[in-house]
Structures are given as structure tokens and as C-alpha cells.
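> Structure in C-alpha cells, see below.
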Amino acid sequence: MSNVLTNLATRQARKFGTKAALAGQDEAGNWHDISWNQYAEDVDIAARALETLGVKPGDNVATFSANRPENLVTDFACYLNRAVSVSIYATSSLEQVIYIANDTKCELMFVGNTTQYHIAREAQAVCRSLKQIIVIKSITLDDDDKTSMLWSDFMRLGSSASQKCADEVSRRAAESTPEDIATLVYTSGTTGEPKGAILTHANYNAAMESHHLRITNVTPDDVSMAFLPLSHIFEKGWTYFCLTVGIKVAVNRDPREIQTTIHQISPTCMCAVPRFWEKVYTAVQEKIQGMSAFQRFMVRQALKVGRRRNINYERLGLKAPWWLETRYQFFDKKIYSLLRHAIGIDNGKMFPTAGAPVSSAIVEFFHSCGINIMVGYGLSETTATVACYPYPGYEIGSVGTPIPFVNVKIGAENEVLVKSPMVMRGYYNKPEATEAAFTEDGWFRTGDAGYLDSKGNLFLTDRLKDLFKTSNGKYIAPQAIETRLGEDKYIEQVAVIGDQRKYVTALIVPAFEALKDFAAKNRISYRSIEELLHDNRVVKMLEERIEKLQRGLASFEKIKKFTLLAHEFTMESGELTNTLKIRRPVINRNYAKEIDAMYV
């Protein structure tokens, strides 16, 4: 059996030729297409360069970079050599880079820019195995650097490689097996040190086939935007799937620029985390509030029609009555299309969304507007997707049904257990952690609590490690509460507290710009953000909004007190993982004083 990833670039070049495989940005931010022919040639050249530099089958090759087309060149160059691609988040600290470099004993590391180059050089000084650094961006290397090279020199090395080198790469590719390791994907580590999930080519072969069976509405004419980090299994898996279909992938380099680049590219599909849609939702709600009374009335009518047509009929695979369809088409031209244009997805087809809980209200809102958010669930250890919305028949509030080849059952403490050909081989260099990750009969322990309904839809309740019990013996699912509060335009980040405490509290990082607007409208003067956060009018406004957002929760689940923080939780402080999940032990430690004050 051949591996779907090994010769993918060459195979697709024969099929698509001059059609764009990728789109990248130059340093000025201008976009340019990269054809399948060019991409396949670049992969071949990079594969020969790796062989020339001494990379052997089974070697680990690291990439420490923000999203760039070159990352997808190096991945597939590794696969031609039967080498292993190891992704390191672009925002990783020196300590994290040293940890992964030592754990993988990688001899070669690609870095994206000057910042990553200097971190890699510091790591090289203490990592005995790391011999070579290759810098993708054209920068000036340090004067005392005798081992690094620029990407242009690396590619020249591959271009001038001998026929013997080319033959060796071809031999390696021909000898690749499904049992070869393709990638090591390091978990972000909400507790403890990161672990490298071993994903084989067999895992990816099954994942690609399963996604082709589940996702049948995309074609080579679609355009995807690689917005999330390619070091994240969600974006990596989705991008690989797009390449197997022949979908053009526009590689967004800086996630902070997404509001600009999404308008430039207008993707028909793009995977994102719920926070992206939460921000879009709050911006749209704010825009609606600023409309005239008649405009607000029209939007409300449009949402009612959209909900009835898309939720009550299309969701279930039913044809809407002609009168409803006629009204929907009217609002599509007058309102929904304007909303899609404002977001930058005029021709949006589907938008996979995972990585954290997503509010049902937000999902329903966007589906009512004809924006197909495809909620799903997966982990690094399962080669991304475990479950996602089926079409038709998805259930809002769930994370969909298990995709083909995936079996799910609910174990002790309501833990979601998974068995499939996409489940990892284990954790790299961690036999004890690997053993603990599986039940005695071979089911992978996800660490997530949930349940299956009678139709096979999977519902998640929380991370088992996040669940806590108040001193009154009541169990609290903090993520569910945090997701509700994340809908609010004045709230940026939330950490719910209460383990072994009398009641539930929260640390809240406000959306500072929205809060400043509120202060201006209400003539609140302040000399600092700290002073603004202590203003009684601000606190009262947030109390009222939080109470409204918690409707339907049991009394013991509700936040009784909260503290507003003047600084965001960050990756640099260790309070967030690279995938922006909060690290509760770190937050509990860093804000112990503020937390204790809420229980006096």
C-alpha cells in the first residue's frame, strides 16, 4: 500500500499542472500563486538538499516557523526521504524549543525569521544533536555563525545535487511504508510538559480517506486559508486534506492580519477556532446595535427566516416551502450577502471549527445567515478529527457524529474513548504516558467528558482535568461557563475558579477597546485601565451582562464574584498553551492573591 502523503506533490502536479497549489505572501504582504508544477519541483529539490545534508530515513527534522509555503515544502520533502516532520509553534519559548530539540534529537531545524533564528541558535548552544539551522526568511546571519544557511542556499544545494542523490531519494520514497512515522505533533501541555504524539503514515492514510468520505461538498475549485498554525494538528490535517483534493491553500503568515488577508483571498473554506467566530459575532452584534430601528427590524426578520429555512429544513435535508425559500433568497441578497462580504467570505462553503467549546447561540446565528460552520472535535493523538457535523442531520450543541472508521464509546467518569486507525502509535520517548493513555482493551482515553445521544451525536461536557468540585460537593464544568461568557463583546478571556471553594468565581480579562468605548459613551473618566476596571458603573454593567449570560445554569454553577484583570493571559507568562487554552494550575498560582480575595 502506498502512502498518500509520500508522493502527493508529484501526483497532483501530473493531474493539475499549472493550477495553483498554494498562495504565499512576500515580505511586503503581496500574494503570489505557486503552481502544482512549481510546488512539486520545490519539494523534489528540498528532498535532495535534505539527503545531501545527511538526513536519513527515520531522522527527525524540526520546523520552527510561523505559517509559510516553505513549511509545506519541507514536510513533503521529509516524506520523500522517509524522515519525520516535527513542528514547533512559532511562539514557543527557548525552553520549549530546547525541550523538543533534545527530545527528538533533531540534527536539522528550519526557522522562519530573525526571532526564531536567534532562539534556535541559543538552543543549539545547549542541544548537542542540533547541527544545522536553515532560515527561511532572507536575513543576515550572525558573524560567528558557521553552521546555518539561508533557504536560498539550501535550495541551491538541492538543485545542484548529483543524480546519485536524486536516485537515493527516489529509492527511499519507493520503500516507504504505512508504518513509517510521518509527524511528531507535540501536545500543548495544559498540565505538565508537552508530549510528542507519534502519527504514522497509516494514521494519515486513514484520516485522508475518512475525510473524503465525510466531506463531499468541496472540489479543486475551492480556496482554503491556512490561518491556524500549521504546527497544530487541526490546520495540518485540514491543509493536507485540501492538498489531496487539489484545493488551493493560501498560507496566512500572521494570524493578527487575518481581518485583512481574509478579504484579499475570500476563502470558500477555512478552519478556525471558536474564538475567531466569537469575535466576528460580537462585531456583527455591535454593528446591528448601531443600526436604525427599521434596519434592526429587517435584520431580526432575516434571522427568523434564515433560522426557519436553514435550521428547520436544510439542516434536516428537507426542502423549504416555496414561500420560505422566496423570502430567504430576498434576505440573502439584501442582508446575508452583505454580512458575508463584511467578514470576507462572499462565497463561503464550509468552515470547520474545533479546538474548544463553541456556543450554540453563535453556531445557530451563523447558520441562520447561510454561513456553514462545521463544528467538530479531535485531538493531536487522533490525527485531528474524531467527530464533526454530518450533512444533513447535524445537531447544534453537539460536536457531530464520529467520522468513518472511528469508534467512540463512553467510559468511566463519562470519559470519551476512541478506537480507530487514526489513533497515534503512542507518545515519543514516553512509554509510561503511552500506557496511561490507553485502556487495557486498547481504547484511547481522550481526557474529555461527554455523552452520545440516541442518534450517535457526541456531546462534550468538559475536560476531566478541568472538572472540579466545590467544597459543597457540587461538580462544576468550567469550560461550559467560560464558553457562555465568551459570547459577550466586553469579555476577552475568562478563567472560572472554584475547586474546593465555597462558590464559583472568575478572573475576567475584558475586551479593553470595547470597554473604552463604553466609558466614552457614559462619560467615565479614568487615568489608567486599572482605574477604569474599578469604576462602579463598569463593574455593575458587567455584573448585569454576566447574570444574563448565565440564565439556565443552576445556582451553584453561577459565578458569584469576579475580578477584572488589567492584563491578558499570555503564552509568554505560561498562562496559555500554544493553542490558546488556559493553563489552570499556572493561573491559580499567578493570581492566588486575587483569587483568595474573592473568598474573604
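> Where does helix 94-104 land angle-wise versus the long Cα axis of the chain, in degrees 0 to 90, nearest 10?
Relative to the chain, helix 94-104 is tipped by roughly 50 degrees.
> Considering only Cα-Cα distances, which of the following residue pairs are longer than 28 Å: K561/K581; K304/K548; K430/K593; K279/K474; K195/K489; K409/K469? Write out the running numbers ahead of the final one.
Numbers: K561/K581 22 Å; K304/K548 22 Å; K430/K593 36 Å; K279/K474 32 Å; K195/K489 35 Å; K409/K469 25 Å.
With Cα atoms farther than 28 Å apart: K430/K593; K279/K474; K195/K489.
> Tell me, how many Å apart are the Cα centres for the stretch 395-465 and for the stretch 129-174?
Their Cα centres are 41 Å away from one another.
> Could you work out how far helix 322-331 tilts from the main Cα principal axis of the chain, as a 0 to 90 degree angle to the nearest 10?
That works out to roughly 80 degrees.
> Step through the residues of the stretch 213-219 one at a time and calculate ³J(HN,Hα) from phi using the Karplus curve (6.51 cos²θ - 1.76 cosθ + 1.60, θ = phi - 60°), rounding each to whole Hz and writing x for Gly and Pro.
Each residue of the stretch 213-219 in turn: 6, 7, 9, 10, 9, 9, 9 Hz.
> Return the carbon/sulfur percentage of the accessible area of the stretch 480-600, one whole number, probe 1.4 Å, all protein chains in place. It would help to have the intermediate numbers written out before the result.
Working: 3170 of 6380 Å².
The nonpolar share, carbon plus sulfur, comes to 50 percent.
> Identify all lysines with a Cα-Cα distance to K146 below 25 Å; exclude those on the same chain that are fewer than 8 residues away in sequence.
K56, K105, K131, K137
> Here is a further query. On full extension of the chain, what length is gained from S138 through A174, given 0.36 nm per residue of separation minus the C-alpha to C-alpha distance? It would help to have the intermediate numbers written out before the result.
Numbers: separation 36, 0.36 × 36 = 12.96 nm, distance 3.38 nm.
Between S138 and A174, full extension yields 9.6 nm more.
> For the stretch 491-502, just list the computed ³J(HN,Hα) in residue order, Karplus coefficients 6.51, -1.76 and 1.60, θ = phi - 60°, integers in Hz, with x standing in for Gly and Pro.
Residue by residue, the stretch 491-502 yields 10, 9, 9, 9, 10, 7, 10, x, 4, 6, 10, 6 Hz.
> Right, something else. Classify the stretch 365-511: rounded, prolate or oblate, from the alpha-carbon gyration tensor (a ≥ b ≥ c, eigenvalue square roots; a/c under 1.5 rounded; otherwise prolate if a/b is larger than b/c)?
On the way: a/c = 1.88, a/b = 1.16, b/c = 1.62.
Oblate, because a/c is 1.5 or more while a/b does not exceed b/c.
> Do you know the relative contact order of the stretch 212-299, to the nearest whole percent, from alpha carbon pairs under 8 angstrom that are 6+ apart? The partial results should precede the final answer.
Working: 81 pairs, mean separation 27.5, N = 88.
Worked out over the stretch 212-299, it gives 31 percent.
> Calculate the length of the line joining the C-alpha centroid of the stretch 15-36 to that of the stretch 208-235, in whole Å.
The stretch 15-36 and the stretch 208-235 have Cα centres spaced 17 Å from each other.
> So, one more: In the stretch 1-79, which GluC sites (Glu not before Pro) are in a loop and have at most 13 other Cβ atoms within 10 Å, using DSSP for the loop call? It would help to have the intermediate numbers written out before the result.
Details: sites: E27, E41, E51, E70; in loops: E27.
Passing sites in the stretch 1-79 are E27.
> Something else now. Name the residue farthest towards the positive end of the dipole of the chain from the options Q124, A506, A66, assuming +1 on Cβ of Lys and Arg, -1 on Cβ of Asp and Glu, about the Cα centre.
My answer, from the dipole projection, is A506.
> Same structure, new question: Compute the separation of the alpha-carbon centres of the stretch 326-387 and the stretch 545-590 and state it in Å as a whole number.
If we compute the Cα centre of each part, the gap is 26 Å.
> Taking amide hydrogens as modeled 1.01 Å from N in the peptide plane, which residues meet the under 5 Å criterion relative to K561, leaving out close sequence neighbours?
It is A506, by chain and number.
> Sticking with this one: I'd like the Karplus ³J(HN,Hα) series for the stretch 384-391: coefficients 6.51, -1.76, 1.60, θ = phi - 60°, whole numbers in Hz, and an x wherever there's a Gly or Pro.
So the J values, rounded to whole Hz, are 6, 4, 9, 9, 7, 4, x, 10.
> What net charge do the residues around E314 carry, taking every other residue with its C-beta under 11 Å from that of E314, with Lys and Arg at +1 and Asp and Glu at -1? Can you show the working numbers first?
Details: positive: R307, R308, R309, R315, K319; negative: E325.
Once positives and negatives cancel, what remains is +4.
> Can you compute the helix-only [θ] at 222 nm over the chain? Use -39500 (n - 2.57) per DSSP H run of at least 4 residues, normalise by all residues, nearest 500 deg cm²/dmol. Provide the component values of the computation, followed by the final result.
Working: 22 runs with 231 residues, N = 600.
Taken over the chain, the calculation gives -11500 deg cm²/dmol.
> Under unit Cβ charges (Lys, Arg +1; Asp, Glu -1), what dipole magnitude, rounded to 20 debye, does the chain have relative to its Cα centre?
Numbers: 71 positive and 69 negative charges, 431 e Å.
Roughly 2080 debye, rounded to the nearest 20.
> Would the stretch 489-600 count as rounded, prolate or oblate if I go by the C-alpha gyration tensor, calling it rounded below 1.5 in a/c and otherwise prolate when a/b exceeds b/c, oblate otherwise? The partial results should precede the final answer.
Numbers: a/c = 1.70, a/b = 1.23, b/c = 1.39.
Taking the square roots of the gyration eigenvalues as a ≥ b ≥ c, the stretch 489-600 is oblate.
> Tell me which residues come under 5 Å, amide H to amide H, from Y186 once H is placed; ignore anything under 5 positions away on its chain.
Placed amide hydrogens put S87, A197 under 5 Å from Y186.
> Looking at the chain from every direction and averaging, what is the projected area of its Cα convex hull in nm²? Show your work: numbers first, answer last.
Numbers: hull surface 118.0 nm².
So the Cα hull casts an average projection of 29.5 nm².
> Suppose every Lys and Arg Cβ carries +1 and every Asp and Glu Cβ carries -1, with no other charges. What dipole size does the stretch 239-322 come out with about its Cα centre, to the nearest 20 debye? Walk me through the intermediate numbers first.
Values: 14 positive and 5 negative charges, 83 e Å.
I would put it at about 400 debye.
> For the stretch 319-397, what % of the accessible area comes from carbon and sulfur atoms, probe 1.4 Å? Walk me through the numbers before you get to the answer.
Numbers: 1810 of 3020 Å².
Summing carbon and sulfur atoms, their accessible area is 60 percent of the total for the stretch 319-397.
> Rounded, prolate or oblate: which fits the stretch 52-151, taking a ≥ b ≥ c as square roots of the Cα gyration tensor eigenvalues, rounded meaning a/c under 1.5, else prolate when a/b beats b/c? Could you put the intermediate results ahead of the total?
Details: a/c = 1.35, a/b = 1.21, b/c = 1.12.
Rounded, because the longest to shortest axis ratio a/c is under 1.5.
The values are calculated or read from the model by the stated rules, or taken from the named source; none is laboratory data. From a predicted model like this one, the values you see are computed outputs, not experimental measurements. Counting neighbours? That spans all protein chains shown, and the Cβs are built from the backbone with ideal geometry, glycine included. Calculation scope for accessible area: heavy atoms of the full protein, side chains included, ligands and nucleic acids excluded. Shrake-Rupley method; radii C 1.70, N 1.55, O 1.52, S 1.80 Å.
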